[in-house]
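Trainee: One structure coming up, written as structure tokens, with questions to follow.
All of the numbers you see were taken from the coordinates with simple rules; none came from a lab. Keep in mind that this is a model prediction, so the values were computed, not measured. Note: ideal-geometry Cβ built from the backbone for every residue, glycine included; neighbour counts use all protein chains shown.
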Amino acid sequence: MAALGRVSRLLLGPAAPRSLPARGARWGPVTHGEGTPRMWKTLTFVVALPGVAVCMLNCYLKAQHEHERPEFVPYAHLRIRTKRFPWGDGNKTLFHNPHVNPLPTGYED
């Protein structure tokens, strides 16, 4: 925990002193937001951008793998067509992919 405190002091600098209200006073002079822009800038470069880079790397590596198509099992409760789709032959969904999405009778190829 001490190392985390040292790293945060290095990144954010010394904390601004806060003044507490007097004992009987309802509101005291309190400073807000003096180090906030620097903190958000640091969080953006230290947390957010590396997080986006890791997510992009994960998507890229998963896209490189060749996926096997699962075996078609004609379950009665899936791919029910009570009325035709208003496009194409009426049996394929709007974003139909013949390699991944089966029709009610099975894959096309």
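Trainee: How large is ³J(HN,Hα) for each residue in the range 88-100, as worked out from phi by the Karplus curve 6.51 cos²θ - 1.76 cosθ + 1.60 (θ = phi - 60°), to whole Hz, x for Gly and Pro?
Mentor: x, 7, x, 10, 9, 5, 5, 10, 6, 10, x, 7, 10
Trainee: For the range 33-109, calculate the relative contact order in percent as a whole number, restricting contacts to Cα pairs under 8 Å that are 6 or more residues apart.
Mentor: Dividing the mean separation by the residue count of the range 33-109 yields 22 percent.
Trainee: What lysines sit close enough to K92 to cross-link, taking a C-alpha to C-alpha distance under 23 Å and skipping anything fewer than 8 places away on the same chain?
Mentor: Output for K92: K83.
Trainee: So who's got an amide H within less than 5 Å of the one on L103, skipping anything under 5 residues away but keeping other chains? H placed 1.01 Å off N, in plane.
Mentor: So L103 has HN proximity to E108.
Trainee: Toward the positive end of the charge dipole of the range 54-101, about the Cα centre and with charges on Cβ (Lys, Arg +1; Asp, Glu -1), which of P86, H65, V54 goes farthest?
Mentor: Farthest along the dipole direction, towards plus: P86.
Trainee: From the backbone phi of the range 75-86, what are the Karplus-calculated ³J(HN,Hα) couplings (6.51 cos²θ - 1.76 cosθ + 1.60, θ = phi - 60°) in whole Hz, Gly and Pro given as x?
Mentor: Listing the rounded values in order: 5, 6, 8, 9, 6, 7, 10, 7, 8, 6, 6, x Hz.
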